[in-house]
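The values are calculated or read from the model by the stated rules, or taken from the named source; none is laboratory data. In this text, all values refer to a predicted model and were calculated from it rather than measured experimentally. Cβ atoms come from the backbone with ideal geometry, glycine included; neighbour counts cover every protein chain shown. Note: accessible area is taken over every heavy atom of the protein model, side chains too, but ligands, DNA and RNA are not part of it. Shrake-Rupley method; radii C 1.70, N 1.55, O 1.52, S 1.80 Å.
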Amino acid sequence: MLIRLGFFAAVLFATTSAATAQVKVRIGDLAQSLNEIGSRAMIDQGIDKKYGIAAEYRAYPTLDGLFTAIRGKDVDVGFGGWTAIAQFRGKGMPVTMIFPVGRGTTVDVIVPTASPIKSIADLKGKKVGSFAGAAGTATVLFRVIASKFYNFDPGKTGDLQFAGPGLLPALLDKGEIDAAVMFDPLAAKLEGSGKYRSIGNLADAYKAGTGDDFLWIGYSTNDDFIKAEPEALTNFTRAWLEALDYVKSHPEVFEAYGKKYGLEPAAVDLLRQRVLADYTTKWDDATIATLKRFGEMANDVMGGGYLDTVPAAAFSTRFDPRK
């Protein structure tokens with residue numbers, strides 16, 4: 001009897017220890033971001049627990065709020081444009097991007113269907129709105145493409161305006177802007193409605209002009225969490241990779257996401273195609289070299305103070321479990 005009780009006690013202790021061994025990882029993201037799809041799959045399917053972490057997803061209504069949380073260590077892993085992380089690190093802030101997420105396939109330039117504008121080249125002298133703010137990665141990418149490949153920069157002519165993504169369609173409808181830089185899910189929703197169309201995808205335009213795949217979004221952490229929980233960061237990437245595999249093979253996750261944000265079936269189908277094309281997991285020195293090349297072009301277009309340097313410490317491949 002004592003032996004049996006001892007056995008059950010050992011099992012209970014082992015189970016309890018496994019539960020308490022899970023490391024809490026607070027995930028920060030922009031509200032309505034597509035990163036939510038992978039993050040929710042990770043959490044809802046228990047993939048995080050499988051790898052010894054307990055992920056907690058937090059959505060921030062603005063990019064400023066999200067980046068403040070990343071810099072302030074209110075989150076342990078934060079999704080965001082890599083240019084911001086490089087900018088922060090260049091100014092001495094202890095943040096590092098540790099894995100890529102999206103190439104920018106879900107960032108389009110949108111116009112009303114009846115607009116005579118056919119391409120990005122036609123936007124010279126036109127009013128363009130961007131959701132990303134003056135220094136956001138999507139805005140900077142648009143300015144680099146316009147300046148380097150089409151010989152105009154709306155940021156220098158006063159033709160570039162900024163507004164929340166939910167406001168940009170109304171500005172298009174009123175004729176206050178001629179085109180809008182938009183990201184999914186709203187871009188897919190607008191295109192799926194038939195009222196708007198894309199005149200160019202920014203990632204495609206950048207690759208056509210440079211030969212490089214663009215990287216838009218990655219996830220980052222802070223130096224304190226790196227020192228405290230390096231294994232948890234590697235395990236987070238293991239969980240993220242498995243979550244992506246789950247998303248790719250389970251279209252119902254897109255249906256749930258579409259229902260949550262009021263997307264029509266056509267928009268959900270379009271969204272799924274775009275998101276699956278957007279995911280990237282290529283993360284090595286060659287990939288990081290392409291970021292530095294973009295950084296040089298961005299600095300040339302934006303001027304001094306923007307990505308004056310792209311510090312090596314802004315990126316790390318250390319937590320890629322495939323190495």
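Would you pick out the residues in the range 163-178 that are surrounded by 16 or more Cβ atoms within 10 Å (Cβ to Cβ) and either within 22 Å of the chain's Cα centre (by Cα) or on the phi > 0 side of the Ramachandran plot (or both)? First the steps, then the outcome.
First, the residues of the range 163-178 that are surrounded by 16 or more Cβ atoms within 10 Å (Cβ to Cβ): 163, 165, 168-169, 171-172, 177-178.
Within the range 163-178, Ala163, Pro165, Leu168, Pro169 meet the criteria.
Look at (1) hydrophobic (A, V, I, L, M, F, W, C); (2) touching a helix residue (DSSP H, G or I) at 6+ places or on another chain (Cβ under 6 Å); (3) touching a residue at least 40 places away in the same chain (Cβ under 8 Å); (4) open to solvent by 40 Å² or more (accessible area, probe 1.4 Å) and you find that Met93 fails only one, number (3). For the range 274-321, the tally of residues that are more than 30 Å from Gly92 (Cβ to Cβ) and out of contact with any helix residue (DSSP H, G or I) (no Cβ under 9 Å at 6 or more places or on another chain) stands at 1. Considering the range 37-55, and only residues there that are free of Cβ contacts under 8 Å to residues at least 60 places away in the same chain and more than 23 Å from Phe254 (Cβ to Cβ), the residue that is least open to solvent (accessible area, probe 1.4 Å) turns out to be Ala54. For the range 181-203, does any single residue satisfy the condition of being more than 19 Å from Asp320 (Cβ to Cβ), at pLDDT 95 or above and among the charged types (D, E, K, R)? The answer is yes; a qualifying residue exists.
Tally time: how many residues in the range 124-144 are free of Cβ contacts under 8 Å to residues at least 60 places away in the same chain and either assigned to a helix (DSSP H, G or I) or of a type in the set (Val, Ile, Thr) (or both)? Please lay out each step first, then the result.
First, pick out the residues of the range 124-144 that are free of Cβ contacts under 8 Å to residues at least 60 places away in the same chain: 124-131, 134, 139.
Imposing the further condition that a residue be either assigned to a helix (DSSP H, G or I) or of a type in the set (Val, Ile, Thr) (or both) reduces the set to 128, 139.
Selection size over the range 124-144: 2.
Contact map, the range 289-302: first residue touching a residue at least 40 places away in the same chain (Cβ under 8 Å) and polar (S, T, N, Q), second residue open to solvent by 10 Å² or more (accessible area, probe 1.4 Å) and assigned to a helix (DSSP H, G or I), Cβ cut-off under 9 Å, separation 6 or more or different chains; pairs are Thr290/Thr210. Mind listing whichever residues of the range 144-181 are touching a Leu at 6+ places or on another chain (Cβ under 9 Å) and among the hydroxyl-bearing types (Ser, Thr, Tyr)? Result: Tyr150, single match. Scanning the range 267-304 for residues that are open to solvent by less than 40 Å² (accessible area, probe 1.4 Å) and assigned to a loop (DSSP other than H, G, I, E, B), we see that the one that is modelled with the lowest pLDDT is Gly303.
If the condition is being open to solvent by 40 Å² or more (accessible area, probe 1.4 Å) and either in a strand (DSSP E or B) or touching a residue at least 12 places away in the same chain (Cβ under 8 Å) (or both), then the range 192-207 contributes Ser193, Gly194, Lys195, Arg197, Ser198, Asp204. The residues on offer are Ala187, Ala170, and the sole one that is touching a Ser or Thr at 6+ places or on another chain (Cβ under 7 Å) and part of a helix (DSSP H, G or I) is Ala187. Take the residues in the range 18-36 that are more than 24 Å from Leu276 (Cα to Cα) and surrounded by fewer than 16 Cβ atoms within 10 Å (Cβ to Cβ), then tell me which one is nearest to the chain's Cα centre (by Cα). Ranking the qualifying residues of the range 18-36, first place goes to Lys24. Scanning the range 109-121 for any residue that is closer than 29 Å to Thr290 by Cβ, open to solvent by 10 Å² or more (accessible area, probe 1.4 Å) and of a type in the set (Gly, Ala, Ser) turns up at least one such residue.
Per-residue answers, yes or no, for (1) more than 29 Å from Ala69 (Cα to Cα); (2) among the aliphatic types (A, V, I, L, M); (3) within 19 Å of the chain's Cα centre (by Cα):
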site	(1), (2), (3)
Lys195	yes, no, no
Ile199	yes, yes, no
Ala208	yes, yes, no
Ile217	no, yes, yes
Ser220	no, no, yes
Ala228	no, yes, no
Ala239	no, yes, yes
Tyr246	no, no, yes
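Scanning the range 216-231 for residues that are open to solvent by 40 Å² or more (accessible area, probe 1.4 Å) and among the polar types (S, T, N, Q) returns no hits.
Only a single criterion out of (1) under 28 Å from Val77 (Cα atoms); (2) surrounded by fewer than 19 Cβ atoms within 10 Å (Cβ to Cβ) is not satisfied by Glu264, namely (1).
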